[in-house]
Amino acid sequence: MLHAQIVTFTISGKIKDAQNGIPVEFASVYIPETALFTESDTNGFFQLALPKKDKYLLKINRLGYQPLEVKLSWKEIVSCKVLVIDLKRKISREVEIISSKEDRESGVREKVESFSMLPSVSGNLESVLPSIALGLRSSAGGELSSQYSVRGGSYDENLVFMNDFEIFRPQLIRNGQQEGLSFPNPDLIKDLKFHSGGFEAKFGDKLSSVLDIRYKNPDTLKGSVTASLLGMSFHLEGTSDGLRLKSSSRKLSYLIGARYKTTRYILSSLDVKGEYTPDFFDFQSFLQYDINRQWKLSWIGNVNRSHFKLLPESSTVAKGSFFQILNLNTVFEGSEDDYFEQNMTGLSLNFISDQSKVPYFMKWSAALYYGHEVERFDILGYYRLVEVEAGNTDEEGKEVKLWGTGTQHVYTRNRLNSLVQHYEWRGAADLDSENDPFGQFVQWGVWYRREHLDDRINEWERLDSAGYSLPLSDSGLQVFNVYKSSHDFYNDKIAIWLQDEMKWKMNSGNLLKINAGLRFHHSALNKERIFNPRLKLEWIPHLSKSNTHIWISTGLYHQAPFYREMRSPDGSLNTDLKAQKSAHYVIGMQREFWMRKLSPSRFKWISEIYYKDLWDVVSYDLENVRIRYSGNNDAEAYAIGWDNRIHGEFVPGAESWVNLSFLRTRERLLGIQHKQHSLESPEGKDIDDVPRPTDQFMALSIFFQDYLPQNENFKMHIQINLASGLPYGLKGSNTVYRNEQSLKAYHRVDIGFSMQLWDRNKSGNKPNSIFRFCRQAWISAEVFNLLKVKNEASISWIRTLYNYQFAIPNYLSSQRLNLRFRVDF
C-alpha cells in the first residue's frame, strides 16, 4: 500500500550543444545513487520518471562534453514543461559510438534520408556512392552491380563497416546480373562516412577506402513499406516502450528490415534473350539493450540469399565503326544456375565511464560470418560472326564476309564455403583537461581472426571453329581451358593498433589536429609481419568566414590476401603470397561558398589531390565484375588524381551533389618489357608502364533534386553518370602489349518523378484519407537509362580457325520504366 501511494511524475527535457545549439544524443541523464536513468535520443529529448521530493540533483554526462549538475526544486520542474539543458564541449572528439557534430570531417559524411527516393536499378546503397564519395567509380557491371573501385583500386580493396563490424562480400560473383542485395540496408542506416584514402589507423588493413555505416538508435515506433516492379522492402524500428516493456533503468531498441529484389524485368532488356529467374532476399535485425547508464549490449543478425538462374536462347550483338560492322549471332543450349548465401551474426558489449576527469570507452565484440557459394554452368553456344554492309545504301545490312562459325561450350561446377570468426577489443580515453588548450584523445584496439575456406573448382571450355577443335592437335581432341583444383585451408590473423588524436586550440582561434597512428598485423599462413604508421595533420581556422578546413595525410597501407588474391588463373593456390602494400599521400581542402544567383544557401566544396605508390602488387584482369588475379606479387603500380565534390541546395530545400574526378593509374609487370604498337616499328615501342584495368581518366556524377515552384509535394530526382572507358587487353596474351584497348565511354541518365500523397504534419485536416494512419506516403515513376545508351559491360572474345580473335562487347541494360510506392508509418 505504501508503494501504491508514492506519487511519481515525468520530467521532460532537451539537451543541446551550448556552442551551436545542435541536439546532443546519447547523453546520460540520471539521479546519483539511484536506479533512475535515461538517455537523450537523436533529437536531444529525454524523459525521466521521478518520485515526488522537495529537491533534486540531476546529472548529465556525455563523452566529449563537460559533465553537468542541475539542482532543481519540485516547483521548478512542475512549472517548466520542457527543461532545456546546454552542454559545453571539451575539445570535441569522435568515438566509435558517438560523433561530434561540430568537427568538420575530412572524409565525406551524409544522412541517408536524402537518398530515399533516388532512382536505382540495384536498390543498393552503393548506387548513390558515385554521387557523394570522392574518387569512386562504379564497377564494369554498371547499374547491376554494387561493387566499386576507388582511386584506381580493385573491387576487393574497400573496407565496409557496420557499427564497427567488418562486412565481407561473395567471392565467386562474375557478372553484375548475378549480384543481389548488398549488406547495407538503407532503411536502417542513420548516416555514413566515406574515406577515399589516407584514412586513420583505427579503420583497418586494405588499400583503397573505408565505408563506415552507422545504424539507427530508435527512440519511437516507426516503419516503412516500399513496393515496385523490382521488388519490395519492409522495416520496423522502435523501443521497449512501444512493446510495453517499460523499466526505470533498462531500455531495448530494435531495428528489423527485410528486402526482396528481382531483376527479371531489367534483364529482359539485355542482348541475351532467354528465361531469367533472379531472386534475391535479405533479412536483418539489430538490437540494442541498455543494461544501465554505462553498459550497452548490441546484437546484429543477417541472412542474405541470392539465386540466379538463366536458360539462354539466343543473342544478337553488333560491333561497328564507319568502316566495318560485325554481327555476332548465337543460339544457346543449356543453363546457368548460381546460388550465393551470406550469413552474419555479431555481438558487442559497450562500456562508457561517467568519470569527469578521464572519461573512457571500451568495446568487446565477436562476429561470425558464413558463406556458401555455388556456380553451375553448362552452356553450349553456336555462333556465326559476319561482316555486314555499312553506310546509307540500299545494300546496308547485307552480309559481306563470313569471319567464322563455331561452337563454344562452357562447363563449370564451382563451390566455395567460407567461415570467418572475428574477436575484437577496442577502447578510447579522453585525456583532455577542462581549461587546457591542448587535448588528447587516445584510441586502441586488438583483434584476432580465423579464416577457413573450402574451395572446389571444376571448369573447362571447349572451342570449335569451322569444324575444328581449338587448339589444333594431331594427338587427339584438346579442350581449350581446364581448371580443376581443391583447397581446404585455415589462416589466423592478428592485428594491434593505436592512435592518438591531439588537438591544439591556438590563441587566434585556430585549431590544429594531429592524428598519429600505428598498426601491426601478423598472418600465420605466410608468416608475414607488417608495421604501418599513419599521420594526419588538419588545420581548422575557426574565424574563417568560409569555414575552411585543410588537411594533409600520409601513411603505409597493406592488404593481406584473403582468397581471390591467392588463387591463380589455373586454380592453384599460393599460400606464400605476400600482402599488397601502398603508401598514400593526400592533400585536401574543404570550404563553403555562395552562389547567390542560384541559391541563398551555402555550398560546400571538398577537394583532394592524391598519390598512391604500390608494391608487391598482385596483377589482375577484369572479366565484367570478376577479378582474375595472377596469384603472385608480380607488379608495381601507382595512382595519381584529383577529386572534387560540390554539395548544396541549388534549389532551396532540395540537396544536390556534383562529383568530378580525374585519375591516372599505371602498373609494370616485373620481368616484362612492356610495349606499345607503333607505326614506326613493327615490334612496337618500349614503354615504362601500362594502364591498370581500373584506369579511368575522368568520372562525373551528378545527383540533382528539384520540385514544382507552387507545389513542393511534386519532386524530380535525376542521376547522371559519365566516365571514360575501362581498358582491356587481348585474352590469353595480355602481358607485353597490356591493356591497349578500352571500352566505350560510359554515360547514363536515370530520372524519377515522385509525388507525396500524404504528410501527417501537412494533411492532418483530412481525417477520412486512406493514408491517415501513415506519417508519409509517396508514389514515384522512374525511367532508367533515359537516353537508351548501350553501355559496354565487358568483352567476349570470338576465336577463328586461324587463331584470330574478335572483341565483341557485352552491353548493359536498356531503357526501362519502374513504378514505386512507399509508405512511412
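Given a 1.4 Å probe, how much area per residue of the chain is accessible, in Å²?
44
Out of VAL625, LEU669, TRP594, whose Cα points farthest toward the positive end of the dipole of region 549-669 (charges: +1 Lys, Arg; -1 Asp, Glu; placed on Cβ)?
It is TRP594, whose Cα lies furthest towards the positive end.
Shape call for region 130-228 from the C-alpha gyration tensor, a ≥ b ≥ c root eigenvalues: rounded (a/c under 1.5), prolate (a/b greater than b/c) or oblate?
Oblate is the answer for region 130-228, as a/c is 1.5 or above yet b/c matches or exceeds a/b.
Straight distance only, please: which lysines reach the Cα of LYS111 with their own Cα at less than 20 Å, same-chain residues fewer than 8 apart left out?
Of all the lysines, those that pass the test against LYS111 - Cα under 20 Å, at least 8 places apart if same chain - are LYS16, LYS101, LYS190, LYS193, LYS216, LYS222, LYS604, LYS715.
Normalised by the number of residues in region 664-795, what is the relative contact order in percent for Cα pairs under 8 Å and 6+ residues apart?
Once divided by the residue count of region 664-795, the mean separation gives 20 percent.
Of the peptides 196-206, 686-696, how do they stack up when ordered by the mean number of other Cβ atoms within 10 Å, highest first?
Top of the packing list down: 196-206, 686-696.
For Cα pairs less than 8 Å apart in space and 6+ apart in sequence, what is the mean separation divided by the residue count of region 589-653, i.e. the relative contact order in percent? Working shown, then result.
Working: 114 pairs, mean separation 24.8, N = 65.
Here the relative contact order equals 38 percent.
Packing-wise, with mean Cβ within 10 Å as the measure, how do 558-568, 164-174, 412-422, 770-780 rank, highest first?
Taking the mean over residues of other Cβ atoms within 10 Å, the ranking is 558-568, 164-174, 412-422, 770-780.
I'd like to know how the chain sits against the 2.2 N^0.38 Å rule of thumb: what's its Cα Rg over that expected value?
Numbers: Rg = 29.1 Å, N = 825, 2.2 N^0.38 = 28.2 Å.
With N residues counted in the chain, Rg over 2.2 N^0.38 Å equals 1.03.
Taking all protein chains as present, what is the carbon and sulfur share of the accessible area of the chain, in % to the nearest whole number, probe 1.4 Å?
Carbon-and-sulfur percentage of accessible area, whole number: 57.
Which value, in debye to the nearest 20, gives the size of the charge dipole of region 96-237 about its Cα centre, when Lys and Arg are +1 and Asp and Glu are -1 at the Cβ?
For this selection, approximately 220 debye.
Restricting to bridges with both residues inside the chain, how much of the DSSP beta-bridge set is antiparallel, in percent to the nearest 5?
95
Please work out whether region 170-246 counts as rounded, prolate or oblate from its C-alpha gyration tensor, where a ≥ b ≥ c are the square roots of the eigenvalues and a/c under 1.5 means rounded, while otherwise a/b larger than b/c means prolate and anything else oblate?
Since a/c reaches 1.5 but b/c is at least a/b, the shape of region 170-246 is classed as oblate.
When the dipole is taken about the Cα centre of the chain, and only Lys, Arg (+1) and Asp, Glu (-1) are charged at their Cβ, what size is it in debye, to the nearest 20?
The dipole of the chain has a size of about 3060 debye.
Only helical DSSP H runs with n ≥ 4 go in: add -39500 (n - 2.57) per run for the chain, normalise by residue count and round the 222 nm mean residue ellipticity to 500 deg cm²/dmol.
Mean residue ellipticity at 222 nm (helix-derived): -500 deg cm²/dmol.
The values are calculated or read from the model by the stated rules, or taken from the named source; none is laboratory data. The model shown is predicted, which means the values in this text are computed figures rather than measured ones. Note: ideal-geometry Cβ built from the backbone for every residue, glycine included; neighbour counts use all protein chains shown. The protein model used for the area step is the full one, side chains on, heavy atoms only, and it has no ligands, DNA or RNA in it. Shrake-Rupley method; radii C 1.70, N 1.55, O 1.52, S 1.80 Å.
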